[in-house]
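Worksheet for the structure shown next.
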């Protein structure tokens, strides 16, 4: 374990250094302690309907009043936004992002010149662009996220709220074993891999190392733990059909996470991998596009979340080997979405863009892919209210206290004023630059095209 401890010390130094990196961005000079949205139709996620025109008062970072009347507190608000009957919705939530891996190409990731400054520069720009697309909250399910999250929370970078997993936890030859062919096992040869030093992954074998990896991520501030439980399409060594980690190793991760009041989510596609993870006590499955009806019924029965994506079919820059490995996943996803819905599985939505930064601008457009199986109201509920319920699974490890995913009195003020009615035209959500007139995060105006 001495080499593993050495890795942790090096990783701690990198994160401490990265925290010192700062960015600046324009701030609103006007008093924002009270902002009122006048004459807006509010999306009610529970009933999946729009209200009659109302006024919504935000005080500091929470929704203080929702009323048809023009109250005294509303009258004295320094900022009044005339909604003119437009639609007020919660901020969008993507529960499967990789803010670092998604902001860098594979060439950049493998470059000898890669350093923490470049990582923070690229991921910081990506985070700001994501916020301006209306995504006020995200769950980052793997990567060196802690320096970026800290910079966002300190106001040095604009970006969404981040629920961080930290470094993915993988067995040797697992989906998170990012070693190049010339990098040998740390356990036998004593040198941590480059990806481990950058905080992208923990290669942990056996119960003691898995426990240490989980606890280190929790120490850095992880809100949930990401474990690789099966093969993947973007990794070189593991076939898509393999199952990863023993039951004992997975149970150790779950116990360590639950001791901290949070949960484990697993990367898994197949029946065997998912069923083993459920037996170990995980609360969420990422992907699952190759599972059967039997496994989905088990998930529904146990209340296990299915964090699903609509993966892109192809792209010009995709590695041929990755393209081939994705075929059964793409075939499966067309079946899993409607089957999971029919069986009553708790479904969350995310994008999972990796190593192709040019894809990020398509984030909103990927929402529209849900139209094949869901109504506009169901889609809007999923990407706000339902996704917020999954974020809340982090319990006391959630980095932000308060209700998200709904426009209700007492909820946190993450809001979007949409020019139009997304329940009639869901395509509005894919036009954030033109149709998102106001974006508010934590009670602060990020964008205001009205006044």
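Using the structure shown, decide if residue 313 is surrounded by 13 or more Cβ atoms within 10 Å (Cβ to Cβ), assigned by TED's automatic domain parsing to the domain that holds residue 234, closer than 26 Å to residue 92 by Cβ and at pLDDT below 95.
Values: surrounded by 13 or more Cβ atoms within 10 Å (Cβ to Cβ): no; assigned by TED's automatic domain parsing to the domain that holds residue 234: yes; closer than 26 Å to residue 92 by Cβ: yes; at pLDDT below 95: yes.
Answer is no for this residue.
Looking at 285, 291, 254, 266, just one residue is in the same structural domain as residue 355 (by TED's automatic domain parsing), closer than 17 Å to residue 207 by Cα and outside any helix (DSSP H, G or I), and that residue is 266.
Checked against (1) over 25 Å from the mean Cα position of the chain (by Cα); (2) surrounded by fewer than 17 Cβ atoms within 10 Å (Cβ to Cβ); (3) outside the structural domain of residue 227 (by TED's automatic domain parsing), residue 62 meets all criteria but (1). Scanning the stretch 130-164 for residues that are in a loop (DSSP other than H, G, I, E, B), surrounded by fewer than 24 Cβ atoms within 10 Å (Cβ to Cβ) and out of contact with any helix residue (DSSP H, G or I) (no Cβ under 6 Å at 6 or more places or on another chain) yields 154, 155, 156. The single residue among 254, 214 that is in contact (Cβ under 8 Å) with a residue 40 or more places away in the chain, closer than 20 Å to residue 307 by Cβ and in contact with a strand residue (DSSP E or B) (Cβ under 6 Å, 6 or more places away or on another chain) turns out to be 214.
In this structure, does residue 424 turn out to be under 22 Å from the mean Cα position of the chain (by Cα) and either at pLDDT 95 or above or at positive phi (or both)? No; evaluated as a whole, the condition is false for this residue.
Okay, residues lined up against (1) buried (at least 18 other Cβ atoms within 10 Å of the Cβ); (2) farther than 25 Å from residue 125 by Cβ; (3) in contact (Cβ under 8 Å) with a residue 40 or more places away in the chain; (4) in contact with a helix residue (DSSP H, G or I) (Cβ under 8 Å, 6 or more places away or on another chain):
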site	(1), (2), (3), (4)
320	no, yes, no, no
326	yes, yes, yes, no
340	yes, yes, yes, yes
347	yes, yes, yes, yes
371	no, yes, yes, yes
396	no, yes, yes, no
401	no, yes, no, no
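The values are calculated or read from the model by the stated rules, or taken from the named source; none is laboratory data. None of the values given here were measured: they were computed from a predicted structure. When we count neighbours, we look across all protein chains shown, and the Cβ atoms used for this are built from the backbone with ideal geometry, even at glycine.
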